[in-house]
Amino acid sequence: MFLHQLSPGAVATINHAAQAAGTTDTTTGTQIDMLGYEGVMFILGVGTLTDTGVLTLTAKNSDVSNTYGAGTIDTLLHPITGLTVQGVATTGDSNTLVGIDIYRPPSRYVRAQWSRATANVVVSLVIAIQYNPQTGAATQLAVAPGYAAAGYQLTSNPTRSLV
């Protein structure tokens, strides 16, 4: 499917609200049902990250709704390397974004999970963006309060980009 805009082919949801400074904890976001979508990207807003603080964003998957293994069980691994798919923020990464993009997850349900270690880390927000709908165009971004989309067709750029 060829889309000129991102919004008709994506659904964005708040996966977890802000989280005060903390250390040595693991938190999970709301589960995402991937039925009808090819991928999901989790974006975590890092607030103040105290020197030596570490935040690690990973994801878990499951074939059964709300049934995930403890610890690292069901953690998504890279299909080629076998390593954990993760985004990491460390010293100097205050007020940045950390993200992971999961294309065609092996199981229907996916959820973000993040851990904070060593020193205080503030989580500003976690967003999940599901993309490439398989059962028709997603419409949430185009109709949800606070969103706007504009398609200018050929009026703003009559010469097609070759990129």
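Couple of notes before you dig in:
- Whole-Hz ³J(HN,Hα) from phi, Karplus 6.51 cos²θ - 1.76 cosθ + 1.60, for region 20-27, glycine and proline x: 4, 3, x, 9, 6, 9, 10, 10
- Of the peptides 87-98, 46-57, 119-130, the order by per-residue mean of other Cβ atoms within 10 Å, starting with the highest, comes out as 119-130, 46-57, 87-98.
- Beta bridges per DSSP, both residues in region 7-136: antiparallel share near 100 percent.
- For region 7-136, size of Cβ-based charge dipole, Lys and Arg +1, Asp and Glu -1, in debye: 100
Read-outs: derived from the displayed coordinates by stated rules, not from any lab. Fair warning: this is a prediction, and the values are worked out from it, not measured in the lab. Every residue, glycine among them, receives a Cβ derived from its backbone with ideal geometry; neighbour counts consider all protein chains shown.
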